[in-house]
Every structure is written in structure tokens, then in C-alpha cells.
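Notes follow once the structure below has been shown.
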Amino acid sequence: MQAPRVDAAARREQLLDSADIIFSEHGVTAPLELVVRHSGLGRATLYRNFPDRSALIEGLLQRSLEHTAQRAAALEDRDDALFLLFEHSAAYIADHASMVDYWRTVEREGSLVHSARQRLTEIYAPALARAIRAGLCRADLSAADISLILGMLGACLRGKTGAQRQALGNRALELLIAGLKPAAQDQT
């Protein structure tokens with residue numbers, strides 16, 4: 001009895017993997033038939049799991065949040081977890097430019113994206129608190145600043161290729177991390 005549930009979950013992940021690739025290559029308005037073809041599954045399987053494009057995009061957003069939460073959990077004992085999470089997010093932004101660009105343009109208040117931003121703040125909050133306690137970042141940094149910082153990392157979307165986006169993301173990280181460090185007088 002357990003096997004069908006495992007198979008259904010595997011097919012759902014297969015569809016999400018394919019959508020991630022297709023949307024990254026062709027944008028979020030790519031024909032869903034490309035997702036079906038890439039996955040090797042049938043159209044009915046796609047629509048049984050994701051009734052429309054919005055549901056598929058929501059599935060990708062939820063999965064990206066879960067990956068970030070897993071990364072945060074793996075780093076929970078590290079004082080530098082905040083910076084490693086920023087690296088994780090910068091890499092995600094560079095690799096999933098069309099999805100991130102879409103999420104940046106969606107209405108904010110009351111939307112799924114607004115809820116996702118709140119969830120990201122919750123995910124980042126323990127790492128932020130730990131970095132402040134360890135003296136690794138400014139004491140005036142707040143959980144509300146996380147969304148602003150992630151938005152700044154979104155500047156890497158200006159790159160035309162994955163390599164350019166990654167280079168811009170790395171440079172943005174260097175600048176941001178330097179700005180997040182406590183001033184010399186704060187460390188005494």
C-alpha cells in the first residue's frame with residue numbers, strides 16, 4: 001500500500017525538477033507541454049499534481065523554502081550560518097533567475113510570495129541571532145533586514161548567463177558581508 005504513495009511523491013518531484021529546468025531555461029511562461037515532455041510523464045500526471053501553472057509555481061516556491069530550511073537546520077550550530085545561508089540564497093537566485101524574477105514581480109501583500117518572505121525571515125532568524133551573539137555581524141541588524149538583503153542579492157539577475165549571475169551574486173555577497181560586519185567600536 002505504501003508503494004503508490006512513494007511513486008506519487010517521486011512523480012511530483014520529477015515534475016518539479018522538470019519545471020525548474022524548463023522555467024529556468026525558457027521563463028515561467030514556457031508551455032507546460034515542455035515540462036511534460038522533459039519529465040517523461042503524461043499530461044494527466046502533471047494536471048493531477050498541479051492543476052494549473054500557478055500551482056506548479058507555488059510547488060517550486062514551497063520546495064525552495066524547504067531546501068533553505070534544510071540548509072539552515074544543517075548549519076544551526078555554526079556561528080557563521082547566516083553568511084552561509086546568504087551564499088545559499090545567492091546561488092539559488094543565480095541558478096533560478098526566471099523564477100526569482102517572477103517572484104519579485106508578484107503582488108506582495110496577501111500573496112504566496114509575501115508568506116514565503118515571512119517564512120524566509122523565520123528560517124534566517126536563528127542564524128541572525130547567533131551571528132549577533134558571536135559578534136560576527138552588526139548588532140542593529142534585524143530579522144526585517146533579511147528580505148532587504150535578499151533583495152540586494154537579487155541584483156545578480158542583471159547577468160545574462162548563469163556564470164555572470166553567479167559572479168554578480170558573489171560580488172554582492174562580498175560587499176554585503178563586509179557591510180554586515182560590526183564596526184570596530186561595536187566589538188569592544
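For the set Met152, Met99, the ranking by accessible area, highest first and with no ligand, DNA or RNA atoms included, is Met152, Met99 under a 1.4 Å probe. The residues of the range 1-61 have, on average, 57 Å² of accessible surface per residue, using a 1.4 Å probe with all protein chains present. In this simple spin-label approximation, Arg43 and Ala155 carry label points 7 Å from Cα along the Cα→Cβ vector, and these lie 4.5 nm apart.
Nothing charged except the Cβ atoms of Lys and Arg (+1) and of Asp and Glu (-1): what's the magnitude of the dipole of the chain about its Cα centre? Round to the nearest 20 debye.
Values: 22 positive and 23 negative charges, 60 e Å.
So the magnitude is around 280 debye.
When shorter helices are ignored and each DSSP H run of at least 4 residues is given -39500 (n - 2.57), the per-residue value for the chain at 222 nm works out to -23500 deg cm²/dmol.
For the chain, the relative contact order is 21 percent, taking Cα pairs closer than 8 Å that sit 6 or more residues apart in sequence and dividing their mean separation by the residue count.
Summing +1 for each Lys or Arg and -1 for each Asp or Glu, what net charge is found among the other residues whose Cβ lies under 14 Å from the Cβ of Gly42?
Numbers: positive: Arg11, Arg12, Arg37, Arg43, Arg48; negative: Asp7, Glu33.
Every neighbour counted, the sum reads +3.
Measuring from a point 7 Å past the Cα of Asp17 along Cα-to-C-beta, which residues in the range 38-81 have an amide N at less than 13 Å? Answer for the range 38-81: 38-41. For the set His26, His88, solvent exposure ranked by accessible area (probe 1.4 Å, protein chains only) runs largest to smallest as His26, His88.
On the range 67-142, 48 percent of the accessible area sits on carbon and sulfur atoms, based on a 1.4 Å probe.
A 1.4 Å probe over all protein chains sorts Glu33, Glu25 by accessible area into Glu25, Glu33, starting with the largest.
The heavy atoms of Thr161 offer some 70 square angstrom of accessible surface to a 1.4 angstrom probe.
Find, among the trypsin sites (Lys or Arg not before Pro) in the range 12-103, those assigned to loop by DSSP (not H, G, I, E, B) with at most 16 other beta-carbon atoms within 10 angstrom.
Working: sites: Arg12, Arg37, Arg43, Arg48, Arg53, Arg63, Arg71, Arg78; in loops: Arg78.
When the trypsin sites (Lys or Arg not before Pro) of the range 12-103 are filtered for loop state and at most 16 Cβ neighbours within 10 Å, Arg78 remain.
The values are calculated or read from the model by the stated rules, or taken from the named source; none is laboratory data. On a predicted model such as this, the values are computed, not experimentally measured, just so you know. Reconstructed Cβ throughout: ideal geometry from the backbone, glycine too, with neighbour counts over all protein chains shown. Side chains included, ligands, DNA and RNA excluded: accessible areas come from the protein's heavy atoms. Shrake-Rupley method; radii C 1.70, N 1.55, O 1.52, S 1.80 Å.
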